[in-house]
Structures are given as C-alpha cells and as structure tokens.
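FYI, it's all coordinate maths here, none of it is from the lab. What you see is a predicted model; the values in this text were computed from it and never measured. Here the Cβ is made from the backbone with ideal geometry for all residues, glycine too, and neighbour counts use every protein chain on show.
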C-alpha cells in the first residue's frame with residue numbers, strides 16, 4: 001500500500017459522514033484496502049475515531065460482521081497495521097474486540113490480539129463479564145481452552161454473582177461445563193437470587209447438563225427433594241381421559257367473531273340457502289335427495305369458537321415445542337450476551353408479548369397476530385443468520401407455525 005494514511009490529528013482531516021461510512025464499510029467488507037486508502041486521501045477523511053452509525057460502534061468492530069474468520073482477520077490486520085486503528089478500543093458496554101472474537105470462536109484472531117497487541121484476557125465489560133463468558137455461552141470449546149491457556153479466570157463472577165458455568169448450563173453445553181469445572185470453576189456457586197447453575201440448566205430443560213452437574217456434586221435444591229424437576233422427570237404412562245358430557249350450541253362465526261343463533265333462526269337461514277335439501281329433510285326424503293343431487297363437501301368446521309382462542313392455543317404449542325424456549329421471552333442483551341441486538345433488530349417481538357397482546361385485545365384481525373409471530377422468527381434469522389443454531393431453530397418454528405395453522409383450520413378465521 002503506497003499511499004500513507006492521513007494523520008487523524010491534522011486539523012484538515014474530518015470524520016466520515018454517514019454516506020461516506022457506508023462506502024468505507026463496503027471497501028472493508030470486500031478487502032479493497034488500497035482503494036479505501038485512495039478514497040480516504042481524496043476526501044481527507046480519518047478513521048481513528050470513526051463510528052459506524054448503524055450500531056454506534058468504533059469502525060474496527062465492523063470486521064466481525066464479515067462472513068468468516070479469514071476475512072475478519074485480514075480486515076483487522078489492515079485496519080490496525082496500515083490504518084493505525086487501536087485494537088484495544090472499547091464499545092459502549094466496555095468490550096474490546098477480544099470479546100467478539102471469543103463469541104465467534106476466532107482463535108487466530110485471539111492469538112494475534114493477546115500475543116501481538118497484549119489485549120487483556122480477563123478484561124471486564126460493564127456487566128463484569130470477561131471474553132470467557134462469551135466463549136462458554138456459545139459453546140466454543142477450543143476457544144475456551146485457548147483462553148484458559150492464556151490465563152483466563154474460570155471462577156470470575158459477574159454483577160449477578162454468576163460464573164461462566166451458568167451460561168454454559170443455560171445453553172446445554174455440557175462439555176464446556178466439564179472444562180470449567182476441571183479448571184477450578186465452583187460447581188455450587190450461588191447467584192444473587194440464591195440459585196445455582198444446575199437450577200438454570202433445569203429451567204431451560206437441559207436434562208443432560210442437569211444430570212452431569214449432579215454427578216459433579218452440585219447441590220440438589222430443597223424443592224427437588226420430594227419431587228424431581230420437570231427437566232429430569234421420567235415419562236409417566238398417560239392416563240386415559242375421563243369421559244366428559246359435552247354440551248354444544250349453535251353459533252355463526254363471522255370474521256372470527258361468534259354469534260349465538262336459535263334453532264328457529266338456524267332453520268330459517270338453512271331453508272333460504274338450501275331450499276331443496278330443507279324440503280327433503282322436512283319430508284324425510286333425504287335418501288331420494290342423495291340419489292338425484294350431488295352434494296359438494298362441506299368446509300371443515302372450525303375447531304375453536306373464535307380466532308383468539310385458536311391464537312392462544314398456537315402460541316402455547318410453539319412455547320412447548322423443541323426450541324420454543326428460545327423465543328418465549330424478550331431478548332436480554334446481558335443474559336443472552338448479544339449487546340448489539342436492539343441496534344440490529346428495530347422491532348423486537350417474543351411469544352410472551354404476543355400472548356399478552358391477545359389477552360389485551362390489541363389485535364383487531366388474525367393477520368396482525370400472525371405477522372407478529374413470523375416477526376419473532378424472522379428477527380432471529382436476521383440477527384443470527386440462516387445457518388446458525390438459532391436460525392435453524394427459527395426456520396423450524398416457522399414450519400411448525402404453518403402446520404399448526406393447517407391443523408386447526410386457521411384459514412377459516414382469516
């Protein structure tokens with residue numbers, strides 16, 4: 001690269017505006033660093049304090065939006081070595097790019113940052129969490145081992161008095177739990193609510209992890225003494241449902257709203273719409289009618305008396321589905337370790353919020369409700385990517401939603 005980067009302290013050098021930053025990001029994403037240098041020199045732009053407006057992060061963090069580790073690494077090296085950006089700069093929640101490398105499992109980047117640029121392995125962010133937490137939450141075994149070799153503390157506590165073991169247990173990363181416990185992470189650490197990692201694993205139905213932590217000596221909560229937690233209960237034989245006397249009522253459903261009708265109203269309406277059939281029924285000549293008239297199949301009867309009852313059933317089924325726990329509650333950027341989530345996702349949604357909106361009558365039509373459901377899973381795909389674990393789960397839930405709609409005859413209410 002022949003051209004030299006402009007000195008950011010020069011009074012003639014300006015920070016890029018929003019449109020210029022978009023071009024700069026395109027140069028970085030395509031690794032066209034020579035063209036980037038020419039563009040900066042032509043426009044007298046400096047990158048030292050440049051911030052990407054999309055997420056309000058220093059420019060160097062943009063490298064982690066690239067598709068693979070090699071591209072990310074090459075972009076980082078160019079920005080640091082050729083454009084003199086500081087690799088130890090922090091974002092709004094006091095994280096360095098080492099946190100992002102740990103989350104993505106970019107081990108070569110971690111080597112370079114720690115060994116060549118001396119970034120702190122146990123740097124704490126505003127939640128008092130270290131890069132090790134992110135590697136554990138995402139199940140990065142090799143990255144965790146590398147951080148431990150570099151001196152990372154496995155027993156470190158965050159603001160909630162939780163170790164990285166809590167996050168590994170929450171996501172069912174049993175091997176990560178094993179590595180942590182082997183490296184002096186306490187199995188019975190209690191958080192500020194008095195709960196241990198085993199209870200977190202149980203809450204999120206991580207049966208294998210619960211059993212592993214029990215084997216490693218985790219304290220069994222008192223509430224489990226007389227009854228096992230749901231996550232580890234064995235399947236019991238299903239009891240035959242008791243026969244129940246059911247009472248049916250005549251009703252007419254129009255645009256999802258139920259209206260009771262009397263026997264007389266029903267007969268009059270039926271006689272007007274199907275006079276020939278009505279006459280045959282009254283005169284007990286139905287068999288004669290069947291021989292002479294081809295009867296079109298009747299549309300399927302609705303399963304529920306109103307679309308809102310159907311909507312509640314679908315939400316509950318989605319919550320109970322495999323992977324449904326991922327979409328149950330609003331994203332917590334601290335617990336879910338995704339600090340930029342609300343910068344990327346502008347209209348967040350979750351199953352609990354949808355259920356609340358149904359009960360508060362916030363939806364006027366069923367289509368609005370379905371749009372919110374699909375928004376939940378599309379948000380997940382947008383943030384995590386189609387091929388990620390969460391993206392695959394989101395696509396599975398979209399398929400599940402379509403199956404439930406067909407199963408319960410949702411089109412009847414549209």
Using the alpha-carbon centroid of each, what span in Å lies between segment 334-409 and segment 38-59?
-> 35
What Kirkwood hydrodynamic radius, in Å, does segment 71-157 give when the mean of 1/r is taken over all pairs of distinct Cα atoms and then inverted?
-> 12.9
Which order do the peptides 101-108, 272-279 take when ranked by the mean count of other beta-carbon atoms within 10 Å per residue, highest first?
-> 101-108, 272-279
Packing-ranked peptide list from 84-94, 359-369, highest mean Cβ count within 10 angstrom first, is 84-94, 359-369
Contour minus end-to-end for residue 188 and residue 399, with contour as 0.36 nm per residue of separation and end-to-end as the Cα-Cα distance?
-> 72.0 nm
Between residue 346 and residue 128, what is the spin-label point distance in nm, taking each point 7 Å from the Cα along the Cα→C-beta axis?
-> 3.7
Rounded if a/c under 1.5, otherwise prolate or oblate - segment 355-414, Cα gyration tensor axes = oblate
For segment 307-413, the Cα-Cα pair-distance distribution in 5 Å bins from 0, as whole percents, is 2, 12, 24, 26, 19, 11, 5, 1, 0
Quick one: pull the percentage of alpha-carbon pairs in segment 1-86 with a separation above 19 Å.
-> 30
Along the principal axes of its C-alpha atoms, what lengths does segment 105-222 span, in descending order and rounded to whole Å?
-> 49, 25, 21
So for the pair residue 306, residue 41, with labels modelled 7 Å out along Cα→Cβ, what separation do we get in nm?
-> 7.1
Among 153-164, 169-180, how do they line up from the highest to the lowest mean number of other beta-carbon atoms within 10 Å?
-> 169-180, 153-164
On the formula 1/(1 + (r/R0)^6), with r taken between the Cβ atoms of residue 81 and residue 142 and R0 of 22 Å, the FRET efficiency rounded to 0.05 is 0.30
Any idea how far apart residue 203 and residue 92 come out in nm if each label point goes 7 Å out from Cα toward Cβ?
-> 2.6
